[in-house]
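The structure under discussion appears below in the form of structure tokens.
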Amino acid sequence: MARTAPNDAAVAAVLGVPASAATGSLASRVGRAAALVAFVALVVVLGLTLAPANALELQYAVSLTLFAVATNLILGFGGLVSFGQGIFYGVGAYTVALGWMHQSLNFTEAMVLAPFFGAVAAIPLGMLALRTRRLYFSLLTLTMSQLAYVIAENQTNLTGGTNGVFGAMVPTWLLDPHTSFLFTAAIVAVAIAILWKVVHSPFGLVLRAIRDNRERVEALGVNVYAHELAAFVISAFFCSLAGSLFVVYSQSSYPEILNWTASGVPVFMAVIGGMYSFFGPVVGAFVYEFASHYLIEYTQDWQLVIGAVLLAIVLLRPDGLAGSLGSLRAWLRRRRPVEQATVAAAPENAEGTP
Amino acid sequence: MARFLTETIGTLSDAGSLFVVAAGLTLVFGAMRVINLAHGTFYMYGAFVVTTVAGTASGLRFWVAVVVAALVVAVLGAIVQLGVVRFVVGKEPLTQLVATFAVLYILADVALHLWGSGARSVSAPLGVSGTFTLAGAYLPVYDLVIIGTAVLVGLVLWLLLSHTSLGWMIRAAVDDPELLQSGGVNLRRLHLAVFATGALLAALAGAIVTPQISVAPGMDQSIIVSSLLVVVIGGLGSVVGTAFAALIIGIADTVGTLVDPTWASTFMYFAVILVLVVRPWGLFGTPER
Amino acid sequence: MRLEVRDVHSYYGASHILQGVSLTVEPGEVVALLGRNGAGKTTLMRSIVGLVRPRAGSVQIDGVELTGAPTYRAARAGLAFLPSGRRVFSSLSVAENLEVARRSCPRRTGSWNAERIYGLFPKLEQLSRRTAGYLSGGEQQMLKIGRALITNPEMLLLDEPTEGLAPAVVDELGEWVEMLSRESLSILLAEQSATFARAHSTRGYLLEKGRIRFEGSMERIWDSPELRSALGIAARTAPEAGPAAS
């Protein structure tokens with residue numbers, strides 16, 4: 001090993017990636033922080049004052065924001081379109097559920113171990129999946145997700161099969177909806193803060209640089225594969241954490257949380273909210289969860305609504321809602337109207353007339 | 001021997017219908033570089049249309065229903081192409097995946113309105129129902145219909161792609177779409193034709209299998225996974241590869257069931273993972289440009 | 001056919017590649033488009049046929065507006081674009097390549113058909129059943145020209161036709177260009193190799209960083225040390241010293 005890979009901070013400096021996304025004036029940074037605090041406060045107050053059933057739904061939405069943000073680490077910041085993050089979500093959920101069913105782990109142990117199990121599972125899967133690129137990566141992760149689903153469905157002795165695992169796996173102190181909401185919200189807040197740190201660390205900057213210009217980063221001597229694998233594993237860690245929180249919400253685990261459509265959900269959340277923004281997937285998770293859960297009370301056509309929303313966003317607003325907010329803000333300031341959106345749209349459509 | 005024959009015919013029949021669906025998917029990918037997650041939706045619509053048109057009568061009306069289903073869904077495919085897919089040609093895979101998944105969701109909802117959430121069934125038409133005996137094995141006659149259809153589709157596709165100028169244009173679009181349109185071809189019209197044909201093939205497969213399955217919502221999501229597996233193993237865009245891969249998947253499934261039923265359904269996934277890890281562009285595909 | 005490009009601006013993503021380019025090619029004329037790599041020659045040709053959509057400006061042939069029309073219209077109007085490199089349909093045979101080209105512009109008729117193309121390139125006739133991907137560089141060049149001619153065009157846009165060709169093939173190419181020009185086809189010839197362009201065209205444009213820097217006879221370009229250095233040709237006395245590598 002004559003040559004050592006340059007460290008990420010040095011690479012980030014060479015590439016000229018801004019050290020922090022929180023650019024802009026101090027005032028706007030303070031404003032943004034204030035908005036964030038206000039939003040968190042609102043969610044917490046809502047969670048504590050809403051009727052139990054609604055608090056429980058909000059808790060679910062909050063846990064999904066973690067799933068979406070963790071998936072977006074590789075999707076939006078790594079440029080890796082994975083249709084397999086449901087595997088790790090499922091590993092997290094099944095760790096808690098099976099620990100209880102086979103009486104091998106108590107709840108606390110299982111909650112602590114779940115993300116590590118997910119991360120460990122992600123190492124071989126990531127090593128295989130990252131042998132492929134772009135569309136093939138998506139299709140391979142999709143296949144893995146279906147494989148995990150089929151295993152969970154058919155290994156009845158281990159997993160409880162099609163019906164999954166149901167039961168009193170959550171300790172009594174967590175059964176009160178308001179307590180479990182707070183529990184979930186606290187874990188999600190800490191996890192998202194860590195992910196924020198990851199995205200804005202030199203490692204995160206190099207990851208984005210790989211997404212934007214793989215060849216150039218490779219030319220600098222960076223081990224691109226190792227970075228992508230690390231991101232994949234970190235994402236899996238937090239997806240599993242989100243999955244274990246699913247058990248806190250539903251007191252169950254079943255095969256459907258692993259299949260390819262389930263794996264697609266955090267991707268869709270990120271796309272709806274805006275995958276190039278850190279908090280975009282949070283917005284997307286709330287929108288998606290609201291659409292699929294609350295709409296179903298008013299209309300049977302939730303698939304139609306979600307489909308239409310996805311279609312509208314992907315065709316008209318490739319930046320997602322966060323991108324729209326950004327360009328709206330820019331427009332309000334009368335600086336550069338919708339330039340950002342135009343640039344982000346596909347660079348060259350060889351086909352011709354729109 | 002009897003057991004072997006039964007398994008072989010069953011495998012060929014499964015592989016046959018899978019080939020017909022997947023051929024449509026791979027044709028669209030090859031000529032348009034679009035991966036269509038709503039392809040399974042066309043299969044489901046084909047099956048549903050047959051249940052509506054064939055009704056309970058079995059006989060000539062069934063065959064009419066199959067033809068009607070294929071044509072109606074080809075028109076549906078054209079609408080999807082004009083309304084959605086043409087905007088994502090040449091875009092990132094993520095954009096294509098999300099847009100076509102949205103179509104899957106929307107059309108699944110529409111199907112619920114049209115056909116409800118219950119399962120429907122159609123009986124095999126007279127003449128091709130029941131079983132026949134061969135070397136002591138009782139074999140469903142209808143399996144032969146499916147195998148025959150698959151062989152016919154394979155032949156027609158081969159003739160189209162190798163002996164007609166339309167087929168050459170489709171292959172030219174696979175090779176170099178930009179060169180094709182700067183030579184004077186209206187690429188959008190070609191895409192429309194290809195996409196409608198892809199939908200037609202999916203619908204044909206869905207229509208032809210109706211006597212053997214229960215037709216219900218959710219078919220779209222399960223068939224798209226199997227056809228993606230086939231297309232990925234065979235190499236995206238390769239019709240020959242698709243035929244081989246459909247056989248591999250069919251055999252993996254049959255052998256899996258014989259070896260260990262609880263692991264049976266995992267065999268084909270392992271096959272796909274193995275192929276992609278060794279040859280990330282599939283058996284008959286070419287590395288991505 | 002007369003081609004008129006007026007004040008065209010084109011972008012790739014956010015970069016402003018063509019910054020107001022105007023040029024004309026008169027009927028039967030062979031015009032050179034010179035410039036270094038990255039000057040915008042290819043983008044200009046792609047803008048003319050609509051593979052790149054100009055943000056501003058206009059492209060007209062015989063006074064008819066072509067700007068913003070889908071690419072296939074340019075070919076059907078008689079404007080054949082021959083992109084640089086080995087661009088043939090590599091999985092089709094030679095004969096299939098020609099047939100696809102002919103069918104691409106079904107309404108264009110004239111003296112060019114497969115027979116005449118085989119007459120011009122006997123080699124192609126021998127190889128008519130060979131898969132185009134397996135042809136040599138020179139043979140692919142013949143096929144590229146054949147594909148264009150079979151549509152009976154009135155104007156050819158040749159993008160870097162000499163790129164990567166052996167010197168003997170370049171000479172042949174020169175003969176074909178002369179022959180086509182005698183058939184009164186108009187030709188716009190984008191070249192880095194100024195020697196080839198000089199030998200076969202009368203008038204030229206020098207493109208630099210997306211703008212026309214000079215327009216005039218090839219002799220004037222050749223006689224000006226300044227323009228020659230802009231093209232990256234050393235101030236040699238012997239012009240036939242071979243194409244300048246850049």
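Structure notes:
- Top-ranked residue of the range A:146-183 - restricted to ones that are among the polar types (S, T, N, Q) and touching a residue at least 60 places away in the same chain (Cβ under 8 Å), ranked as surrounded by the most Cβ atoms within 10 Å (Cβ to Cβ): A:Q146
- Any hit, the range B:185-201, residues being within 15 Å of C:F89 (Cβ to Cβ) and at the interface with another protein chain (Cβ under 9 Å from one of its Cβ atoms): yes
- Residue in the range A:190-204 that is more than 22 Å from A:G86 (Cα to Cα) and either outside any helix (DSSP H, G or I) or touching a Ser or Thr at 6+ places or on another chain (Cβ under 7 Å) (or both) present: yes
- Where a residue in the range A:217-238 is under 30 Å from A:I187 (Cα atoms) and in contact (Cβ under 8 Å) with a residue 12 or more places away in the chain and its partner, wherever it lies, is crowded, with 20+ Cβ neighbours inside 10 Å and of a type in the set (S, T, Y), with Cβ under 8 Å and at least six apart: A:F232/A:S82; A:S235/A:T71; A:S235/A:S82
- Against the criterion of being among the basic types (K, R) and within 14 Å of chain B (Cβ to nearest Cβ), C:R130 does not qualify.
- Residue within the range B:164-182 that is away from every other protein chain (no Cβ under 14 Å) and not aliphatic (A, V, I, L, M) present: no
- Candidate set: the range B:40-56, residues that are part of a helix (DSSP H, G or I) and over 12 Å from B:A108 (Cα atoms); chosen: the one farthest from the other protein chains (Cβ to nearest Cβ): B:A54
- Out of A:G92, A:G99, one residue alone is over 17 Å from A:E228 (Cβ atoms), outside any loop (DSSP other than H, G, I, E, B) and modelled with pLDDT under 90. It is A:G99.
- Boolean, B:G77 is buried (at least 24 other Cβ atoms within 10 Å of the Cβ) and touching a residue at least 24 places away in the same chain (Cβ under 8 Å): yes
- Here the condition is being among the hydroxyl-bearing types (S, T, Y), part of a loop (DSSP other than H, G, I, E, B) and more than 10 Å from chain B (Cβ to nearest Cβ); of C:T109, C:T43, it holds for C:T109 alone.
- Residue check for B:F267: aromatic (F, W, Y) and under 26 Å from A:A262 (Cα atoms): yes
- Neighbours by Cβ (under 7 Å, 6+ apart or cross-chain): first from the range B:222-233, facing another protein chain (nearest Cβ under 9 Å); second polar (S, T, N, Q): B:V225/A:Q146; B:L229/A:T143; B:V231/B:T26; B:V231/B:T242
- The range B:130-145: number of residues that are closer than 18 Å to B:V64 by Cβ and under 18 Å from the mean Cα position of the chain (by Cα): 1
- Condition met for C:L124 (at negative phi, within 12 Å of chain B (Cβ to nearest Cβ) and not small (G, A, S)): no
- The residues of the range B:39-69 that are farther than 16 Å from B:I223 by Cβ, touching a residue at least 24 places away in the same chain (Cβ under 8 Å) and of a type in the set (G, A, S), listed by number, are B:A54, B:S58, B:G59, B:A65.
- Among the residues of the range B:254-281, the ones that are among the polar types (S, T, N, Q), surrounded by 19 or more Cβ atoms within 10 Å (Cβ to Cβ) and either in contact (Cβ under 8 Å) with a residue 40 or more places away in the chain or more than 10 Å from chain A (Cβ to nearest Cβ) (or both) come to 1 in all.
- Residue tally, condition within 12 Å of another protein chain (Cβ to nearest Cβ) and within 21 Å of the chain's Cα centre (by Cα), over the range B:111-129: 1
- Where a residue in the range A:60-77 is in contact (Cβ under 8 Å) with a residue 12 or more places away in the chain and its partner, wherever it lies, is of a type in the set (V, I, T), with Cβ under 6 Å and at least six apart: A:V62/A:T184; A:V62/A:V188; A:S63/A:T184; A:T65/A:V282; A:L66/A:V188; A:V69/A:I192; A:F77/A:V199
- Among the candidates B:A108, B:A99, B:A74, B:A22, the residue that is of a type in the set (A, V, I, L, M, F, W, C), away from chain A (no Cβ under 14 Å), in contact with a helix residue (DSSP H, G or I) (Cβ under 7 Å, 6 or more places away or on another chain) and in a helix (DSSP H, G or I) is uniquely B:A74.
- Entirely in the range C:131-231, the helices (runs of 4 or more DSSP H) that have 1 or more residues that are modelled with pLDDT under 80: C:194-200, C:218-223, C:225-231
- Residue list for the range A:122-141, restricted to those being more than 7 Å from every other protein chain (Cβ to nearest Cβ), of a type outside the set (S, T, Y) and either in contact with a Cys (Cβ under 9 Å, 6 or more places away or on another chain) or surrounded by 20 or more Cβ atoms within 10 Å (Cβ to Cβ) (or both): A:A122, A:L125, A:G126, A:A129, A:F137
- Of everything in the range B:80-96 that is in contact (Cβ under 8 Å) with a residue 60 or more places away in the chain and among the hydrophobic types (A, V, I, L, M, F, W, C), the residue that is farthest from the other protein chains (Cβ to nearest Cβ) is B:L82.
- Looking across the range B:16-31, the residues that are under 10 Å from B:S227 (Cβ atoms) and of a type in the set (V, I, T) come down to B:V20, B:V21, B:T26.
- Subset of the range C:13-47 that is hydroxyl-bearing (S, T, Y) and modelled with pLDDT of 85 or more - its residue that is farthest from the chain's Cα centre (by Cα): C:S22
- Apart from one condition, C:R53 fits all of (1) more than 10 Å from chain B (Cβ to nearest Cβ); (2) outside any strand (DSSP E or B); (3) at pLDDT 85 or above; (4) under 15 Å from the mean Cα position of the chain (by Cα); the exception is (4).
- Checked against (1) within 16 Å of B:T11 (Cα to Cα); (2) surrounded by fewer than 22 Cβ atoms within 10 Å (Cβ to Cβ), B:E178 passes all but a single condition, namely (1).
- Residue satisfying all of: in the range C:1-40; touching a Lys or Arg at 6+ places or on another chain (Cβ under 8 Å) and not in a strand (DSSP E or B); nearest to the other protein chains (Cβ to nearest Cβ) among these: C:G40
- In the range B:117-153, the qualifying residues are those that are touching a Phe, Trp or Tyr at 6+ places or on another chain (Cβ under 7 Å) and assigned to a helix (DSSP H, G or I), and the one that is surrounded by the fewest Cβ atoms within 10 Å (Cβ to Cβ) is B:V141.
- Take the conditions (1) within 30 Å of A:F39 (Cβ to Cβ); (2) touching a residue at least 24 places away in the same chain (Cβ under 8 Å); A:A186 misses just one of them, which is (2).
The values are calculated or read from the model by the stated rules, or taken from the named source; none is laboratory data. Keep in mind it's a predicted model, so treat the numbers as computed, not measured. Cβ: placed from backbone, ideal geometry, glycine included. Neighbour counts: every protein chain shown.
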